[in-house]
Every structure is written in structure tokens, then in C-alpha cells.
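The values are calculated or read from the model by the stated rules, or taken from the named source; none is laboratory data. Just so you know, these numbers come straight off a predicted model, no measurement behind them. Here the Cβ is made from the backbone with ideal geometry for all residues, glycine too, and neighbour counts use every protein chain on show.
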Amino acid sequence: MNAPLAPDWISANQQLLVLEFARLKALLRADESDRRSAIDDTSQRTLDAARQYLGDDSAIDWLVRNFELSSFERDLLLLCAGVEMDAGTARACAHGHGDAHRPWASFGLALAALESPHWSALSPHSPLRHWRMITVDDDAGLSTGRLRIDERILHFLAGLNEPDMHLAHLLRPAVSLTLQADAHAACTRDLVASLSPEASPLIVLEGDDTGAKEDIASRAAASLGLQCQVLQARHIPPSADERARLLRLWQREARLLASALLLVIDDPDTAAADGTLELLNRIGGMTFVSTPSLPPLDVRTRSFDISKPDVGDRQQLWTASLGPAAMRTAGDGVAQAASHFRIGSGALQDIVRSVQQADGDAPCTGTAVWRTCRQQSRRGLDALAQRVSATADWDDLVLPEAQLSILRQIAAHLRQRQTVIDQWGFGAQGSRGLGIASLFAGESGTGKTLAAEVLANTLQLDLYRIDLSAVVSKYIGETEKNLRKVFDAAENCGAILLFDEADALFGKRTEVRDSHDRYANIEVSYLLQRMEAYRGLAILTTNLKASLDSAFTRRLRFVVQFPFPDYDQRVALWKRAFPATAPTADLDFSRLGRLSVTGGSIRNIALTAAFLAADSGEAIGMEHILHAAHGDAAKRERALTDAETRGWT
């Protein structure tokens, strides 16, 4: 309600209601010839004074003006309110009905007693029925049935303008951000300039910065003197009748609260199926839609792209949010975070608050900024993939120098992305080819996953193993949808993606014999496109390099072949297999190196031997390792040779 809710207004509004109820009671009790003099002169003067004081700002007159009620509809609404708020009005209704057991308003009573009556006041399309201000009991006819005022309207008449209880659990106020990125501020100015309170189009806010879209909708609504309420599309009821009721209640609420609506659609693919588009075509009023994309609608729309800020805008937001003092101590770290983490405007400002609260009075550091960004941005990917705890470092890798050199190049590419891509301008040439997709090929246990852990730990990045069984779907289009979710979430945190046994998903594209072959090839092509555009590191591991599509391998930035370890490498692996704190007894690493196994098997054998030794209360010895080695060989269905174990015990 636009009326001020100051105590003096509330008092005057309530006094007006009391006097209006008195007028209606007099009309109900008066004969036809006495209606004009039904209210005494003193009460009439008091009523006139209250009306003069309030002007058009009384609650009832605000409803009359904004919902276009006739004088009879006005009195009918007041009569229904009086039954609820004033016992005398209920008794007057019973008197009018000539039945003490009917102390309520009816349409027949109103037609007989009130001034300027008309039958259309309760037609289905009349304001009172259309806006659900009054309902008629179904167990009686229109003339004799009990009329009930809607509780929301009753509270409004009393001066309480709070959201309808049927909508309160679905709506929340839109949140405005403290700061805007420059691109978003420019978009807000363009949007506000295009708005009109009389006839604005449906405003579609596309892109992936959800917080910025809510902020822009809130600011745009405020420019017209409106609040902005947020409704999630997933809360729209599936039933057509329930949707129609929701639509009508919101349209009424938009007037009562002077509010715009921001409808948030998380999954555009389901928007048509769940009735969301139908609702948008009918909703009217000042309405914003936050969505990654939206199919065409029957109503006039205007679209704005609100994507997450680019590197320059993120740097600007970091600087403005942290302030000059913090930037002096954390400047380099902030620049790295701005380049690496693709964070939305709202999330970025939340991270700043988290850093400041955690540091207290201590100076903000680049390490704290990086750590908090990493923690906050991983949340979306945690629901889609398995995060791997990476603690290994370069000393844990036992590989030929050629392979180590390539791995260090990969680390350098990730470390220097800001310099090359952002500062030197290579990113301005397009996103294609900026990804650092790499293939790690080799037998199981040769160190492929360990190398990924080393890169993640060294660069302080999260490592995620992608579960292919959760990604690949037999349903057409689902695999691409699952991959899109993974890559979109990974873009935000710049995580390292590890596709284990990648040949299962990225094998050679087949000759098209039927529709299944065609869509299988589409899946591979889609992945190639996302790999090339992904700004982070995607690692594909395979035991069968030859099974990969040649078109796929051409798009890889790095290929690392992990060889089966030779004798010297196996000796080095055995020496690294036992922690310094583990008790050992006369281990002969030169003899252990003769065992022809991979590094993964060496670690498993060492761990099993440690448990055997601990259980027997002894230090780890060659006998324990021999026993564990036989168990590992049985698992691999490959018996140990005498040459491999000669002289162990």
C-alpha cells in the first residue's frame, strides 16, 4: 500500500473503519424510507472529517482506486470486513436476514440494504471475485450463501500490509549488492532507461551470474519505486489450477506490495514442461526472468546478458571490495585469484567478507584470498564429481626426465595463465585452444593419477575425478547435458579434471550406421569443443592410447606416456614406499627392484607388508614383503618367478 503507516494514519484509518461499520449497521437496520437518515449528524460529521484527513489514502479507498471498485462493491467489501472485525455488524446482518443463526453478509442482504446495488458486483469477472477479495460459500446459492473476505484483504484494511500467507513461503525479497562490476552497472543503466511503469516488456536476464541478475532486477525495480520479490521456478505448482491460483494471487500481491517479480529458472530445459512458460506468457506487470537461456515467448520481451565479470571487472571488484590497505598486502594474490577463479559478483563480495572476518585485524594476504576462493568456488563441482585429496609432490614421482619435463611444462602453463592469456592478450583472440587438455597414457599403476595429484598440490588447485558412469547416459542428449554441468561448474573454480580410463568415453568415432552411432559421435564432438574452451586443466588417463580418436588427440595440448618402470626406477620407488617413521629390518632394495611391478603395485605391497609386520609385532622385513608380493601376484593372476624373489629370505 502506498499509504504511510504512521501511527496517526493508522488511528485515522481505524476510526474511519469504525464509522463506516456504523453507517453500514444503520443501513442494515433502517427501512427503505429511512436509509438517507440512517446515520446521525454527529457521526456523519466525524466520518466526513476522517475522510477529509485521509483523503484517498485510507486502506479502503486505496483498494477502490487500484482495483476499480464501484461504490456498491466498496460497501460490500466493508460489510464483509465488518462481520469479522465488529460484533455489532454481525448482529445487524442477522437482523437483516431475520435469523439469529445467520450473522454474516450475503449478496441478497447487500442488494436489499446497500446503496447503488448491481448484480454484476459478484460476477466471476468482477474485481471482488477476480482478485479473490471475496469468496462465496459453495453450499448455498449466490444470493443466500455466506460471503467471506479474504484474510489478506482484511489485514490490509486494518493497516497491515504483509505478504499473503499463501505466497510468503514461496517469495523472498531480492538482495542488492554493495558493488557492481562496470559491465553490470552499464547494463543496469540501459535497462532502467527502457522501463516504463505503464507497459514494460518481460525483462529476460540471461547469463550465468545469478547474484548480479538479482541485484540488477532489484535496482531496476527500485528506480520505479517498486520492491522486488524472488520466486524460484521449481516452486511453481505442476497443476494448471494451482498455477492459475498462484498467478492471480501474485498479480494481486504485486499491486498491494507495489512489487516487481524476479522469476529464477535454474533449468531452462524443463521450463516448457512444468508450466513456467505458460505462466510467463500471462503474468503481466513488472517481471524479470533470471535464466541461462529462454525459449521464445508469446509476449514482448527484452533480453540482457548478465554473465560473470571478466578478468578486468573481477579485478575492479576485488580492489573496491578489499580497499587500498588490503590491496597493498594482497595485491599479487588478488591478481592471481581474479585471473583464475571465475566468480560471480555476489560470490566475490561474500568471499571478501569471509576473508575479512577470518583475518580480523591481521593484514589480508594473497594466500588467504586464494584459499577462500578455492573453498567457496568448489561447491558446485562437489555435487558432480569426486574431489581427490592431493598431497603428493615432485619428490614422489619416479619418471624419466622427458616425462617430468612435460609435467613441469603443464605446471608452467597453469602458473602463467594470467600473464600470457590476460596481460599479453592471447585470450582476446578467442577462447578456442586456450584449454590445457592433456593425455596421460600408460599401464595401470605407472603414476598417472599420482602425477595429477602432484600438479594439483603444487599449484594449490582442487583435483576432481570424473565418474564416467555418472556422466555417460543411454538417453540421447543426457551425456552432453551432464558434461556441460561438469565443465560449467569447473570453469568457476579452475579445478583440474581427471577423466579416468578416458577411452571408455572418448574412443574412436564410429561409422554412422544408425541414430545411436550419430549421437555417440555428437557426444565426442561436444566434449572436444568444451575441452578446447576450458580454461583449466583436463587430464585424460587411458591404458589404451591407440583406442582414442585421432581427431581427439590432435586437440590435446600435452601427451605424457607413462612407461613401465625400469630396474633403477623400481629401486627408487621401493625406497619411497616406506615412510621414515615406519620400522624396517634389513630391507634389500637392490633385490626388491628385481620384482617386475608398477609403482602402484609397489605401494600396495609395501602397505600390506606393513600390516603383516604390525600384526606380528615385528619391524617390516623381506619376509613380510615376500608374503605381500605373492598376494599381489595372485590378484593379478601372474605368479612370481624365482629370478624376481631369489635371495629375499
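A single member of 518, 530 is in the same structural domain as residue 448 (by TED's automatic domain parsing) and at pLDDT 70 or above, and it is 530. If you go through the stretch 188-207 and keep only what is within 30 Å of residue 341 (Cα to Cα) and buried (at least 17 other Cβ atoms within 10 Å of the Cβ), you end up with 188, 191, 203, 204, 205, 206, 207. Yes or no: residue 23 under 22 Å from residue 121 (Cβ atoms), modelled with pLDDT under 85 and part of a helix (DSSP H, G or I)? In short, no.
When 325, 320 are checked against the criterion of being among the aliphatic types (A, V, I, L, M), farther than 19 Å from residue 376 by Cβ and surrounded by fewer than 17 Cβ atoms within 10 Å (Cβ to Cβ), 325 stands alone in meeting it. Does residue 603 fit the bill of being within 22 Å of residue 448 (Cα to Cα) and in a helix (DSSP H, G or I)? Criteria met by residue 603.
The test for being free of Cβ contacts under 8 Å to residues at least 40 places away in the same chain, assigned by TED's automatic domain parsing to the domain that holds residue 152 and either within 20 Å of residue 63 (Cα to Cα) or in a helix (DSSP H, G or I) (or both) does not hold for residue 89. Checked against the criteria, residue 633 counts as assigned by TED's automatic domain parsing to the domain that holds residue 575, within 22 Å of residue 567 (Cβ to Cβ) and surrounded by fewer than 21 Cβ atoms within 10 Å (Cβ to Cβ). Every condition in (1) of a type in the set (Gly, Ala, Ser); (2) loosely packed, with under 15 Cβ neighbours inside 10 Å; (3) modelled with pLDDT of 95 or more is met by residue 272 except one, and the failing one is (3). Among the residues of the stretch 205-215, just one is aliphatic (A, V, I, L, M) and more than 12 Å from residue 289 (Cβ to Cβ), namely 212.
Scanning the stretch 61-71 turns up no residue that is over 20 Å from residue 94 (Cα atoms), of a type in the set (Ser, Thr, Tyr), in the same structural domain as residue 126 (by TED's automatic domain parsing) and modelled with pLDDT under 80. Restricting attention to the stretch 356-375 and to residues that are touching a residue at least 24 places away in the same chain (Cβ under 8 Å) and in contact with a Ser or Thr (Cβ under 7 Å, 6 or more places away or on another chain), the residue that is surrounded by the most Cβ atoms within 10 Å (Cβ to Cβ) turns out to be 364. Restricting attention to the stretch 216-271, the residues that are within 24 Å of the chain's Cα centre (by Cα) and within 16 Å of residue 132 (Cα to Cα) add up to 4. Among the residues of the stretch 178-214, the one identified as part of a loop (DSSP other than H, G, I, E, B), touching a residue at least 12 places away in the same chain (Cβ under 8 Å), over 18 Å from residue 310 (Cβ atoms) and of a type in the set (A, V, I, L, M) is 195. When the test is whether a residue is small (Gly, Ala, Ser), part of a loop (DSSP other than H, G, I, E, B) and more than 30 Å from residue 478 (Cα to Cα), residue 218 does not pass it.
Checking the stated criteria, residue 387 turns out not to satisfy the condition of being basic (Lys, Arg), assigned to a helix (DSSP H, G or I) and either outside the structural domain of residue 349 (by TED's automatic domain parsing) or surrounded by 13 or more Cβ atoms within 10 Å (Cβ to Cβ) (or both).
Taken together, 315, 357 contain a single residue that is in contact with a helix residue (DSSP H, G or I) (Cβ under 8 Å, 6 or more places away or on another chain) and not aromatic (Phe, Trp, Tyr), which is 315.
Taking the criterion of being surrounded by fewer than 17 Cβ atoms within 10 Å (Cβ to Cβ) and among the polar types (S, T, N, Q), the residues of the stretch 570-596 that qualify are 581, 590, 596. Residues in the stretch 333-349 that are over 18 Å from residue 422 (Cβ atoms) and under 15 Å from the mean Cα position of the chain (by Cα): 344, 345, 346, 347.
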